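The values are calculated or read from the model by the stated rules, or taken from the named source; none is laboratory data. These figures come from a predicted structure and were not determined experimentally. So basically every Cβ, Gly included, is an ideal-geometry build from the backbone, and we count neighbours across all protein chains shown. Calculation scope for accessible area: heavy atoms of the full protein, side chains included, ligands and nucleic acids excluded. Shrake-Rupley method; radii C 1.70, N 1.55, O 1.52, S 1.80 Å.
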Amino acid sequence: MTWLESHWLTLILFAPTAGALILLILPVRNEKGIRVLALGFSLISLVLTLLLWARFESVPVTGGFRFVERAEWFSAIHAFYHLGIDGLSFPLVLLTTLLTPLALLASESIKTNLKAYMVLFLLLETGMLGVFLALDLLLFFVFWEVGLVPMYFLISQWGGANRHYAALKFILYTMGGSLGLLLAIQVIGLSGGTFDLVELFQRWPALTYLNLPLGLSIETIRAIAFWAFVIAFAIKVPVWPFHTWLPDAHTEAPTAGSMILAGVLLKLGGYGFIRLILPLFPNEAQRFAPALAVLAVAAIILGALGALAQQDFKRLVAYSSINHMGFVVLGVAAAALAWRAADPRAQLDANLALNGAVLQMFNHGLSAAGMFFLVGVIYDRAHTRDLRDFGGLYALLPVYGTILIFTAMASLGLPGLGGFVSEFLVVRGAWPQLTLATALSMIGLFFTGAYLLKALRSVLHGPLNPRWQGVLKDMSGLELIVILPLIGLSLLTGLWPAWLLGMINQAVVTLF
């Protein structure tokens, strides 16, 4: 491997951090320089990710991963700086490196403490990328925690009127889940003799005895560790009943913060389910798969009903994330139930469900980030998010209206757009394994259409509210630059999903 291939992931991971460090020495008053530099370093990670994609198939596989980097970190406890990428993590790395520069472009309205804002955003990108690239449990946890702090300050310092409450609720929920996660990671690392994930995938499920003074059987310890992982990731997804922090955080966060929160941060939980829970706890995941399915269905139905009840446009979109991410958990539950089944039909069902779950995270990241951005566009002009204050705006904002309809249909899962492919795969894979749960989830799909049509009707259709005549302007060129890549990728994935599914399926087949 060349030097670049040997350090490719490190460059992607730490390019934003390098930008953040350079920003610290720039004068506060140099706003244009701060914006350009932050955008430039975020684009470095995006360009490197696209080049990695072009070289992906030509790089040899090591332990199921490509572009692997491994070095001593804490040798005394057998923890390593171990990075790697495969078809499960690449779509989310691409999503992160794409949404970050778009979110920075969407931050044009940020004027106060701009340098601190940009520094936090770049550090947040490193934290998110680290979770997707880490192949060491301890390193995974470090990056998991790194991503919390910048988002807390982005909400608390640049959010809405109730921002301090929302930021505190966000950090308490996520850190509460992290405590159990850390304890479980310590048990696994001490018992397996290493924190290296590639080794733990083989060692931890096969252990028959734990040399720990806990006085509990290994089955009990595994079950406790399993639920510690599940709760931590369920809070992040989030699924019912761990979801209450999300609407408040979204409502108060700045537009760019909401784009990243919905587009990427929620995916950390879904990724944790697939990357860690299924390989480390195959027996426990299979045993408790019906419980995961119940949580998924509750999230799908209650998230949709919660969205339908909202009059705040942004809060409606926030609840929609709970609804859509429920399909990711449903796919995970179906895959867990059929884990390495002898029946090839059950294996096919599991592969389809898991392919759909990974693709759903990517597609939801595009549509959710787009919807939150469009809510921010109208709020910047009207200074209200109350759906009852709008009406008939298509006549004034034809470009905005067209893009809003397109993005809403992508979120709905209209055939021809990415959301349809991913949700279809989840439903097709889950139906033979979890028939009742899958059937009940269709109730959520019905109400998904209801709340999206409610939003479109309230904002774009009906009598024109004379309050906005001559006041509102259509989307600017910069705003189109932000939204067009999102709708373009959604259309590409809907018409030609193989550009991602081939890579995802390779990893899923290896996992099973």
Excluding residues fewer than 8 positions from K115 in its own chain, the aspartates and glutamates with Cα under 17 Å of it are E31, E125
For the range 206-343 (alpha-carbon point model, no solvent) the Debye-based log₁₀ I(q)/I(0) at q = 0.10, 0.13, 0.14 Å⁻¹ works out to -0.38, -0.59, -0.66
Taking only C-alpha positions in the range 337-391, Rg and Dmax in angstrom work out to 20.0, 59
Carbon plus sulfur, as percent of the 1.4 Å-probe accessible area of the range 281-512, comes to 67
Using the Kirkwood formula on alpha carbons, the hydrodynamic radius of the range 60-144 in angstrom works out to 14.5
The range 337-392 and the range 482-503 have their Cα centres apart by a whole-number Å value of 13
Per the 1/(1 + (r/R0)^6) rule, R0 = 25 Å and r from the Cβ atoms of D389 and L305, FRET efficiency to 0.05 is 0.60
Computed on Cα atoms, Rg of the range 281-512 relative to 2.2 N^0.38 Å comes out at 1.10
Taking R0 as 45 Å and r as the Cβ-Cβ distance between S476 and A291, the FRET efficiency 1/(1 + (r/R0)^6), rounded to the nearest 0.05, comes to 0.40
In whole Hz, the Karplus estimates of ³J(HN,Hα) for the range 451-457 (6.51, -1.76, 1.60; θ = phi - 60°; x where Gly or Pro) are 6, 5, 5, 4, 5, 5, 4
Mean shadow area (nm²) of the C-alpha convex hull around the chain is 23.1
About its Cα centre, the chain carries a charge dipole, from +1 on Lys and Arg Cβ atoms and -1 on Asp and Glu Cβ atoms, whose size in debye to the nearest 20 is 840
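On full extension of the chain, what length is gained from Y81 through H461, given 0.36 nm per residue of separation minus the C-alpha to C-alpha distance? Kindly include the intermediate steps, with their values, before the conclusion.
Numbers: separation 380, 0.36 × 380 = 136.80 nm, distance 5.42 nm.
Value of the extension gain: 131.4 nm.
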Counting only protein heavy atoms and rolling a 1.4 Å probe, one gets per residue an accessible area for the chain in Å² of 36
So the carbon and sulfur contribution to the accessible area of the range 152-233, 1.4 Å probe, in percent, is 64
FRET efficiency (T112, V61; Cβ distance; R0 56 Å; to 0.05) is 0.70
Taking the chain and counting helices only, DSSP H stretches of n ≥ 4 at -39,500 (n - 2.57) each over all residues, the nearest-500 ellipticity at 222 nm comes to -23500 deg cm²/dmol
